[in-house]
1. Considering only the range 121-170, state which residues are touching a Phe, Trp or Tyr at 6+ places or on another chain (Cβ under 9 Å) and β-branched (Val, Ile, Thr).
2. Can you pull out every residue in the range 167-190 that is touching a residue at least 24 places away in the same chain (Cβ under 8 Å) and either in contact with a His (Cβ under 9 Å, 6 or more places away or on another chain) or not in a loop (DSSP other than H, G, I, E, B) (or both)?
3. Mind checking whether some residue in the range 42-54 is open to solvent by less than 10 Å² (accessible area, probe 1.4 Å) and under 19 Å from residue 172 (Cβ atoms)?
4. Looking at 15, 49, 35 in this structure, which one is among the polar types (S, T, N, Q) and either touching a His at 6+ places or on another chain (Cβ under 8 Å) or in a loop (DSSP other than H, G, I, E, B) (or both)?
5. Identify, by number, the condition in (1) open to solvent by less than 40 Å² (accessible area, probe 1.4 Å); (2) in contact (Cβ under 8 Å) with a residue 40 or more places away in the chain that residue 111 doesn't meet.
6. Among 10, 62, 89, which is in contact with a Lys or Arg (Cβ under 9 Å, 6 or more places away or on another chain) and of a type outside the set (Phe, Trp, Tyr)?
7. Do we find that residue 89 is open to solvent by less than 30 Å² (accessible area, probe 1.4 Å) and within 13 Å of residue 67 (Cα to Cα) in this structure?
Amino acid sequence: MGMNPHDERATLCTQLSRYMEKHPENRANAERVLQFVMETPDCFERGHQAGHITGSAWLLNAAADKALLTLHHKLRIWVQPGGHADGDANVLRVALREAEEESGILGLTALSPEIFDVDIHTIPARPTAGEPEHLHYDIRYLLQAPHESFIISDESDALGWFTREEIHHLTPPADDATLRLAALWPKDKE
C-alpha cells in the first residue's frame, strides 16, 4: 500500500528542496515549483486551469547511450515522454506510467528516486478543446528501458532513440528544455 497523498506531497517538497541544493543553476524553477506545490491544493489535477504538475522521463536505453524522444502530436517538437499527474502526488510514478504509456515499453526502472530536472513551460491555448493557455510544472526523472523496441501511441507522431549529438540536429528541433536534459545526461553513461 502506498503513502497517503499528504505524505507524497511532503516527500515531493523534500525532493525539490534537495534538488535546489544540488542544482543552484536551476534554483529559480525549482523554487517556483515548490511554492506552487505548497500553495495549490489541487496542483496535481489537470483541472487546475492556471497550471498543474506533470511528470516526465529522461528515458535511456539499456546501454545508456541513447535517449527516447517523442515528436509531440500537439506541440510539433521533440520532447521527452511525460504527462499529467491526474491527481497522483507521486510524480516518479507518474513519470514511469507516462513513459510506459507513450513508448509501450514495459519494465522501465528509475536510475534514481531523486529529481533529475525541473522545468516550467507554457502550453498554448486550445480554444476548440476549451483549454486555456496554462503552465506545466514539469518534474523529470532519469529512467532506463530494458530494450529499444517501442510502440508509438496516439500522443506522438514519432518516437526515436537518439544519441546526445543527434538530439542537437533534429528536425523539427528539440525544445530548449530537452536540450538542457541532453546536457545533464550523465556523460559517463555513454
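The values are calculated or read from the model by the stated rules, or taken from the named source; none is laboratory data. All figures in this text were calculated on a predicted structure; none of them were measured in a lab. All Cβ positions, even for glycine, are placed from backbone atoms using ideal geometry, and neighbour counts span all protein chains on display. Surface areas here come from the heavy atoms of the whole protein model, side chains and all, with no ligands, DNA or RNA. Shrake-Rupley method; radii C 1.70, N 1.55, O 1.52, S 1.80 Å.
1. 139, 167
2. 167, 174, 175, 177, 178, 180, 181, 182, 184, 189 - these are the residues of the range 167-190 that are touching a residue at least 24 places away in the same chain (Cβ under 8 Å) and either in contact with a His (Cβ under 9 Å, 6 or more places away or on another chain) or not in a loop (DSSP other than H, G, I, E, B) (or both).
3. The answer is no, given that none of the residues of the range 42-54 is open to solvent by less than 10 Å² (accessible area, probe 1.4 Å) and under 19 Å from residue 172 (Cβ atoms).
4. Every option except 49 fails the conditions.
5. Just one mismatch for residue 111, condition (1).
6. After ruling out the rest, the residue left standing is 89.
7. No.
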